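Contents: one structure, followed by commentary.
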Amino acid sequence: MMAMNNLHHGAGLTHQLLLALPFIMAIILYISAVLLSLQRQRPWHWHRSVFWIAGCLSAIAAVSGPLARRAVFDFEAHMAGHLLLGMLAPLLMVLGAPVTLMLRTLRPRSARRLSRLLRSWPVRVISDPLFASILNVGGLWLLYTTNLYSAMHGSNPLHALIHLHVFLAGYVFTAAIIYIDPTPHRASFVYRSGALIAALAAHGMLSKYIYAHPPAGVSAIQAESGGMLMYYGGDAVDVILICILCYQWYKRCRPRIPLSVSKPEGFPQN
Amino acid sequence: MEERKNRKKKTIPAYAKYAGRNMWSGILFGIGMVAFIDEMVFHQLLHWHHFYDKSTTAIGLVSDGIFHAFSWFATVASLFMVADLRRRRAWHAARWWGGILLGAGLFQLYDGTIQHKVWKLHQIRYDVEVLPYDLVWNSTACLMIAFSILTLVRTRPPRAEMNDGYE
C-alpha cells in the first residue's frame, strides 16, 4: 500500500520535540507576558489566554504524539494534522491577540520598534488578504499536486520546513481576514470577504482534486477519505472565520445616530 | 397607503430605503439555503449525489468550488444583514422571502442545468432513469423563480422613495 521506504522521517522523537518546542515556548512566553501585564495593573481577558493555549495545544497535537506518528503512513491522519496545524491552531492563536499583549508588555523602545515593523512594506504585502490566501492555499496545491508530499517523508528538514510554512501561512491568512490585533494596513470588508471566498473555494477544489488524484504514495481509499476530511473540516473551521468577519462588519457599520420612533432611520433626509 | 402618508411627512419608511438590501439579503440566504439542503439531503442523507463524479469536467470542479464557498459565506453574511436591517427597523419579511425564492430558484436552475448537465458535476441520482428527476428539479426551480418575481414586484416600494432613499 505504501511506497515510502523510510517510515521514520517525521516520526522520530527528537524531530517531534523540535517541531513542538516553538509552541511550548509560545505558551510559556504568553503566560509570562500575561503575568507581567497583570502585575502592572493592566487587566487581560482570560478568554484570550484560553484561546492562545488551546491554539498552541492543537498545533502540538498535530506535530507530535499519536497523530504525527500515524500521519507518516496514514493520509487521513496527515489531513487531520493539517486541519489542526494550518487552520484551527492559527485561528485560536489569532484570537489570543499576541501582538496586543506584546505591545503592552515590551519596553516602550522595543514596542515602538515592533509597531514600526508592523507598518513596514513587507508586512503590508504579506498581510494583504489575497497574497496571504495564495501563500496559504497555493502552498497546499504545491504540496499535494507535486512530488513534494512524498519528498517530505524522505527528509526531516523538508518535513519541518513544510510544517512551519503550513502553520505560518495559516496564521498570516487568518490575521489578514479577521482583525483582532492592531492592524496598520487595513483592507475593506468586501475585499477580505472576496479573498476568504477565493481561499475557501481553492481549498475545496484541492480536496476534490486529491479525492480523484491521490498524491504519490497515497492509496486511492486514503486519498478519498483524506480529501473528504479536508473538504468538510475546512468548511467547519472556515465557518467560524466567516462568522467573526461578519460580526466585525456588523459592529463596524452600526447606525451612528440613535434611532427614534417617529423617524425610523434618524438620518437627516435631503 | 401608509407609504403615501409617509411621503407627505417627508420621511422615508426604513424598509423602502433598504428595499434593495432586503432583497439581496434574501437572495444570498436563498443561495445558501438551497446549497445547504442540497448538501444535507442529497449528499448526506439520501446519498444520491456523489462527492466527486469521475466524469466531472475541470470547469465543473471550479464552478462547484466557487459556488460552494460562496454559498457557505452567503448563508452567514445574509443573516448578519438581516440583523443589521432589524436594528435599523428596516426588515421587510415578505420582500426578504421574495429574495430567498429568487436566490434559491436561480441557483437550483443553474445547478440543474449548467452544473449537472453541461459540466457533468454529478447527476441527481445514479442507476435510474434520470430524466424525471431532472424535470422535477428544474421545474421546481422555475416555480420558485416565478413566485419570487411575483413577491418582489408586489413588495416593491414606490420608485420615487426608493431613489430618494439610496445613499
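The values are calculated or read from the model by the stated rules, or taken from the named source; none is laboratory data. Given the structure is predicted, the values throughout are model-derived calculations rather than measurements. A quick note on method: Cβ atoms are made from the backbone with ideal geometry, for glycine too, and the neighbour counts reach across all protein chains shown.
If you scan segment B:112-139, which residues turn out to be surrounded by fewer than 16 Cβ atoms within 10 Å (Cβ to Cβ) and either modelled with pLDDT of 80 or more or over 20 Å from B:Leu45 (Cα atoms) (or both)? B:Thr113, B:Ile114, B:Lys117, B:Val118, B:Lys120, B:Glu129, B:Leu131, B:Pro132, B:Leu135, B:Val136, B:Ser139, listed by residue number. Screening B:Arg4 with (1) modelled with pLDDT under 85; (2) within 16 Å of B:Gln115 (Cα to Cα); (3) away from chain A (no Cβ under 13 Å); (4) part of a helix (DSSP H, G or I) gives one miss only, at (2). Of all the criteria given as (1) more than 7 Å from every other protein chain (Cβ to nearest Cβ); (2) over 21 Å from B:Phe147 (Cα atoms); (3) of a type outside the set (D, E, K, R), the one not satisfied by B:Val76 is (1).
Among residues that are closer than 19 Å to A:Trp141 by Cβ, of a type outside the set (S, T, N, Q) and surrounded by fewer than 19 Cβ atoms within 10 Å (Cβ to Cβ), A:His185 is not included.
Please verify whether B:Arg95 is in contact with a Leu (Cβ under 8 Å, 6 or more places away or on another chain), among the basic types (Lys, Arg) and either in a helix (DSSP H, G or I) or within 30 Å of A:Ala212 (Cα to Cα) (or both), treating the condition exactly as stated.
Judged against the criteria, B:Arg95 is a match.
Only residues that are at pLDDT below 75 and within 12 Å of chain A (Cβ to nearest Cβ) were counted across segment B:7-46, and they come to 8.
The residue that is modelled with the lowest pLDDT, counting only those in segment B:53-92 that are of a type in the set (D, E, K, R) and crowded, with 19+ Cβ neighbours inside 10 Å, is B:Asp64.
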